[in-house]
Amino acid sequence: MSESMKLTGSLHLLGDTQTFNSGFTKREFVVKVDDGKFDQFIKLELVKDRIKEIDEAKVGDEITVHFNIRGREHDGRFFNNLVAWRIESASPATNDPGEAYRAKVAAAYKASAAVVKEASAAVLDASTADGDEIPF
């Protein structure tokens, strides 16, 4: 059993989904991690139903990847895989679930304020058109 790990970096490469004769599916991707002097390019993979975790990401996006390390031996050779199980956007605006809602509310408020301003101007124009300063 491996302990869960995570890393944050920019999505550098996103491979196609691979389906094998057995029905097993996986999708490999590379995350570029700034490591001071030299960038590190870390290849990870998503398997089976976890492939959809990366559907919203685009190359260049900052992401945080939660993954497990898997290892095996075959014919005296040893292999390691970094198997991702969760991918999140690393940008603060998209990690805050209320941010999208607040943005929609702000846009609606701005739009309604413009409508009120326009309606008020129309009422004032109508009331002063007949020489009466009181609109009723």
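What follows draws every value from the coordinates through simple rules; no lab data is involved. Keep in mind that this is a model prediction, so the values were computed, not measured. Positions of Cβ are backbone-derived with ideal geometry, glycine not excepted, and every protein chain shown enters the neighbour counts.
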Counted residues in the range 27-66 being in a strand (DSSP E or B), out of contact with any Asp or Glu (no Cβ under 9 Å at 6 or more places or on another chain) and closer than 18 Å to SER10 by Cα come to 5
What are the residues in the range 1-42 that are charged (D, E, K, R) and over 23 Å from the mean Cα position of the chain (by Cα), if any? GLU3, LYS37
